[in-house]
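J.: Before I ask anything, here is the structure I am working with.
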Amino acid sequence: MPLVLYDTWSRTLRDFTPIQADHVGLYCCGPTVYDHAHIGNLRTYVFEDVLRRVLTLNGYTVRHVVNITDVGHLVSDADEGEDKMEKGSRRTGESAWAIAGRYTEAFMSDWRALNLLEPALWCRATDHIVEQIDFIADLERNGYTYCTADGVYFDTSKQDDYGFLARLDTAGLQAGKRVALGDKRHATDFALWKFSPPDSTRQMEWDSPWGRGFPGWHIECSAMSAKYLGPWFDIHCGGEDHIAVHHSNEIAQTQARHGTRLANFWMHGHFLTLDAGKMSKSGGDFVRLQTLIDRGIDPLAYRYLCLSAHYRSTLRFNLEALDAAQSALERLRRAYVQWPEGGMPDANSVERFKAEVDQDLNLPRALAVLWDVVRSDLPAATRRATVDRFDAVLGLRLADWKEDVPDIPTDIALLFDERDKARAAKDWNEADRLREQLRAEGWLVEDGPGGQVLRPRDTGK
Ligand code: AMP
Ligand code: ZN
């Protein structure tokens, strides 16, 4: 059974075959580091991480590249308003450079907490100014640019199929434009290079053949993906919001310079929304991973929640669903730790699981296969080995999990010991009585293959 993935370019499910045998180039648009990532952003990275793990499961070596946008992303996608980094700097009083450093670090910490695999390469926009200038110079040479008072723009009217990825009605957009174009010639034209204001100095600015300024947001991804993966690679990912503007513009630029649409597959994760509506970094409705951790939620429970919804459906976030994910993960961990090592995976279950993830990453159904195995009458060691295989894709770190050892008061520890002795003497009545007594004191005793286990009753730990 081939791996099948949904390609936004063709709007179809397509069999995946890599451009170069066994090697897959994967580029994922990374964070704009002017603030913390919210859990919506993180949902997209979980989807991309699962994609990478499924590619690996299929025997491919994946070169995963993620960029860090630390300059040039303006407040509005229409190239207007302030640079988000400089805005962040005004908000906090720190320099734009310090902000970029701090929020990049915070982002990496979320990345690790969610057990996202480290990319082959992180690349920062500000480290690739030369590559971006070279790219723009080639676009100019090829006749795709024009200059205005505030920057160098890409002329989208030069491409008949501009906006195909988003199925944009460019003629309609142009005819119905209500927003002021400024000096732009067409509604869909976009900035490649913006000039610094004539009367002030920006914190982040560079010299260029066109004047001092900074790169537009889209050019960094075209320039860095071409540098690290070549101008024609396998898969480009991002959130669904990138289809209409950012990815359409990345394609336009690369088409104009290299004659390719960048990637063979374009894949997009759908949004996480709050019950109140869309979550955005600029809105007040901002939930961070740390917000969940502060409420006692394990970051991997958030990962589990993401796995429980297909990446191409909207995930409506609420605390009940998150609590349910945390309980499911806890049940899974408790079952898993009881199983001994040393078994072989059950080939039939592994095949069923793979068939689900190979069908456009159908993780909800793959989780159903997982629970079938947990509840099956397969030998415990077989269940463990099988679930280990699944976890290479799920990334829940089951094998690393250790139960928090609670502080046990001395009187409880004595009762627990007594019960152990009663069990050893096969005095089941006494063992049951002590179990009840412990329960009344707020402690649960469970009998597992490794002996009896004690945990506090109220927290469920
Ligand atoms: P940004 O830091 O805003 O550039 O976004 C980082 C990534 O998160 C991009 O791939 C976006 O498409 C994605 N994204 C933004 N908002 C959401 C959301 N609410 N749900 C899922 N992904 C999102
Ligand atoms: Zn990008």
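J.: Please enumerate the residues belonging to the stretch 23-69 that are within 16 Å of ligand 2 (Cβ to nearest atom) and without any contact (Cβ under 8 Å) to a residue 60 or more places away in the chain.
T.: HIS64, VAL66, ILE68
Residues checked against (1) more than 19 Å from the chain's Cα centre (by Cα); (2) at pLDDT below 95; (3) surrounded by 18 or more Cβ atoms within 10 Å (Cβ to Cβ):
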site: ASN348; (1), (2), (3): yes, no, no
site: GLU351; (1), (2), (3): yes, no, no
site: PRO379; (1), (2), (3): yes, no, no
site: ARG384; (1), (2), (3): yes, no, yes
site: ASP400; (1), (2), (3): yes, no, no
site: ASP411; (1), (2), (3): yes, yes, no
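J.: Could you tell me whether THR56 is part of a loop (DSSP other than H, G, I, E, B) and either in the same structural domain as LYS184 (by the TED database) or modelled with pLDDT of 95 or more (or both)? Give the derivation first.
T.: On the way: part of a loop (DSSP other than H, G, I, E, B): no; either in the same structural domain as LYS184 (by the TED database) or modelled with pLDDT of 95 or more (or both): yes.
Judged against the criteria, THR56 is not a match.
J.: Could you please find all residues in the stretch 182-202 being surrounded by 16 or more Cβ atoms within 10 Å (Cβ to Cβ), of a type outside the set (Gly, Ala, Ser) and assigned to a loop (DSSP other than H, G, I, E, B)? Talk me through it step by step, then tell me what you get.
T.: Narrowing the stretch 182-202 to residues surrounded by 16 or more Cβ atoms within 10 Å (Cβ to Cβ): 184, 186-196, 202.
Then drop every residue that is not of a type outside the set (Gly, Ala, Ser), which leaves 184, 186, 188-190, 192-195, 202.
Answer for the stretch 182-202, where residues must be surrounded by 16 or more Cβ atoms within 10 Å (Cβ to Cβ), of a type outside the set (Gly, Ala, Ser) and assigned to a loop (DSSP other than H, G, I, E, B): LYS184, HIS186, THR188, ASP189, ARG202.
J.: Which residue out of GLU94, GLU118, GLU131, GLU82 is closer than 30 Å to GLY182 by Cα, out of contact with any helix residue (DSSP H, G or I) (no Cβ under 7 Å at 6 or more places or on another chain) and in the same structural domain as GLY211 (by the TED database)?
T.: Numbers: GLU94 fails: closer than 30 Å to GLY182 by Cα; GLU118 fails: closer than 30 Å to GLY182 by Cα; GLU131 fails: out of contact with any helix residue (DSSP H, G or I) (no Cβ under 7 Å at 6 or more places or on another chain).
Residue meeting the stated conditions: GLU82.
J.: Is there any pair with a first residue in the stretch 236-252 that is closer than 11 Å to CYS29 by Cα and a second that is charged (D, E, K, R) and near ligand 1 (Cβ under 9 Å from one of its atoms) whose Cβ atoms are under 6 Å apart and which are 6 or more apart or on different chains, and what are they?
T.: CYS237/GLU48
J.: On to the next question. Among the residues of the stretch 282-322, count how many are assigned to a loop (DSSP other than H, G, I, E, B), of a type outside the set (Val, Ile, Thr) and either in the same structural domain as MET224 (by the TED database) or at pLDDT 95 or above (or both).
T.: Going through the stretch 282-322 one residue at a time, the tally reaches 8.
J.: Let me ask something else about it. Return the only residue of HIS242, HIS258 being more than 13 Å from ligand 2 (Cβ to nearest atom), in the same structural domain as ILE68 (by the TED database) and not hydrophobic (A, V, I, L, M, F, W, C). Steps first, answer last, please.
T.: Working: HIS242 fails: more than 13 Å from ligand 2 (Cβ to nearest atom).
After ruling out the rest, the residue left standing is HIS258.
J.: Inspect the stretch 189-208 for any residue being within 16 Å of ligand 2 (Cβ to nearest atom) and in contact with a helix residue (DSSP H, G or I) (Cβ under 7 Å, 6 or more places away or on another chain) and give the result as yes or no. Give the derivation first.
T.: Step one: list which residues in the stretch 189-208 are within 16 Å of ligand 2 (Cβ to nearest atom), which gives 190-192.
Checking the rest, the ones that are also in contact with a helix residue (DSSP H, G or I) (Cβ under 7 Å, 6 or more places away or on another chain) come to 190, 192.
Checking the stretch 189-208: at least one residue is within 16 Å of ligand 2 (Cβ to nearest atom) and in contact with a helix residue (DSSP H, G or I) (Cβ under 7 Å, 6 or more places away or on another chain).
J.: Hey, another quick one. Mind checking whether some residue in the stretch 75-88 is surrounded by fewer than 21 Cβ atoms within 10 Å (Cβ to Cβ) and assigned to a helix (DSSP H, G or I)?
T.: yes
J.: Follow-up question, since we're still on this one. Confirm whether GLY72 is assigned to a loop (DSSP other than H, G, I, E, B), modelled with pLDDT under 95, surrounded by 15 or more Cβ atoms within 10 Å (Cβ to Cβ) and assigned by the TED database to the domain that holds THR126.
T.: Working: assigned to a loop (DSSP other than H, G, I, E, B): yes; modelled with pLDDT under 95: yes; surrounded by 15 or more Cβ atoms within 10 Å (Cβ to Cβ): yes; assigned by the TED database to the domain that holds THR126: yes.
It is true that GLY72 is assigned to a loop (DSSP other than H, G, I, E, B), modelled with pLDDT under 95, surrounded by 15 or more Cβ atoms within 10 Å (Cβ to Cβ) and assigned by the TED database to the domain that holds THR126.
The values are calculated or read from the model by the stated rules, or taken from the named source; none is laboratory data. It should be emphasised that the depicted structure is a prediction, and the values quoted were computed from it without experimental measurement. Don't worry about glycine lacking a Cβ; one is built from the backbone with ideal geometry, like all the others, and counts go over all protein chains shown.
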